[in-house]
1. Taking springs between alpha-carbon atoms closer than 10 angstrom, which of Val131, Val71, Val187 fluctuates most in the Gaussian network model of the chain?
2. Kindly work out what percent of the DSSP beta bridges joining two residues of the range 146-239 are antiparallel, to the nearest 5.
3. Suppose every Lys and Arg Cβ carries +1 and every Asp and Glu Cβ carries -1, with no other charges. What dipole size does the chain come out with about its Cα centre, to the nearest 20 debye?
4. What is the percent carbon and sulfur in the accessible area of the chain, measuring with a 1.4 Å probe over the protein chains and ignoring ligands?
5. Could you list which residues have their amide H under 5 Å from that of Arg186, counting only those 5 or more apart in sequence or on another chain, with H placed in the peptide plane?
6. Spelling out what I want: for every residue of the range 193-206, take phi, set θ = phi - 60°, compute 6.51 cos²θ - 1.76 cosθ + 1.60 (Karplus), and round to whole Hz; glycine and proline get x.
7. Taking amide H positions as placed in the peptide plane 1.01 Å from N, state which residues far from Thr161 in sequence (5 or more) or on other chains have amide H under 5 Å from it.
8. Among DSSP beta bridges lying fully in the chain, give the percent that are antiparallel, nearest 5.
Amino acid sequence: MNFEIFPTSPALIGRAAEQFIKTAAQSIQEHGHFSVALSGGSTPRILYARLATLPVPWQNIHLFWGDERCVPPNHSYSNYLMTVENLLDHIAIPPENIHRIPGELPPEQAAEAYEQDLRAFFGTSPRFDLVLLGMGDDGHTASLFPGSPALAESARWAVATEHTIPPLPLVPRVTLTFGVLNAARRVIFIVTGVGKAEKLAQIQGGENSLPAAQIQPTDGELLWIVDESAAGNLKRQTK
Ligand code: 6PG
């Protein structure tokens, strides 16, 4: 597995921003646009704030989300709102390039509407140029939680999910499914904090039951960008 371990948040965010921009440039050169599924949670907010300060060709970039909480777009739980506050309010991007998950709708309707948007953009095969993901302390990613029926979904591209034990917030979610996530050209995990160390080491050790471990791009690259705290239990290759 390809782990890159960084001692400080600025170094980690710098690497993630560099990878985002590099992948965007490659994708735009190859096929005229860059499609990316953004992660929610707290870790990526610093990355989005950094990207807002950099020269990024937003006019050729289509923003999607890997998951969303089923709340209105102005609710504090909303991944979209987090992105607005840290990125969208600070850049010029065509509104039609922003593919928000309509969390204000009932969960099943929100998932259906998002899937229609995805199909309108990708046609029959959803191949994101980049998917950004985080990992929860329980090993979930996007809103694919351990033991969820959504883990077995193989036909739909987006589904509604619920989970009854932390991590908070315990609200219904909409999430991309593994079929879409694993079809991406590149997947980058950004994982920070000591709470992730146990599950990250289990994944390195071959534990495949955790949702984050089941992110294995079929024909794409996978990179883990992690901080020292999250990497605390990893076996390191000696130089
Ligand atoms: C969400 C995220 C979720 C997140 C992990 C890690 O909607 O909460 O998509 O999958 O990436 O929970 O969150 P942190 O980065 O805040 O630790």
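The values are calculated or read from the model by the stated rules, or taken from the named source; none is laboratory data. All of these numbers come straight from a predicted model, not from anything done at the bench. Neighbour counts are summed over all protein chains in view; Cβ atoms, including those assigned to glycine, are modelled from backbone coordinates with ideal geometry. Quick note on the areas: whole protein, heavy atoms, side chains included, nothing else; ligands and nucleic acids left out. Shrake-Rupley method; radii C 1.70, N 1.55, O 1.52, S 1.80 Å.
1. Largest GNM mean-square fluctuation: Val71.
2. Values: 4 of 10 bridges.
Just about 40 percent of them are antiparallel.
3. Values: 17 positive and 24 negative charges, 121 e Å.
Computed about the Cα centre, the dipole is about 580 debye.
4. Working: 5510 of 10500 Å².
On the chain, the fraction of accessible area on carbon and sulfur atoms equals 52 percent.
5. Amide H neighbours of Arg186, under 5 Å, 5+ apart: Leu130, Val131, Glu221.
6. x, 5, x, 8, 4, 5, 5, 5, 5, 4, 5, 4, x, x
7. Those qualifying (amide H under 5 Å, at least 5 residues apart or on another chain) are Arg173, Val174, Thr175.
8. Numbers: 8 of 29 bridges.
Restricted to the chain, the bridges split so that about 30 percent are antiparallel.
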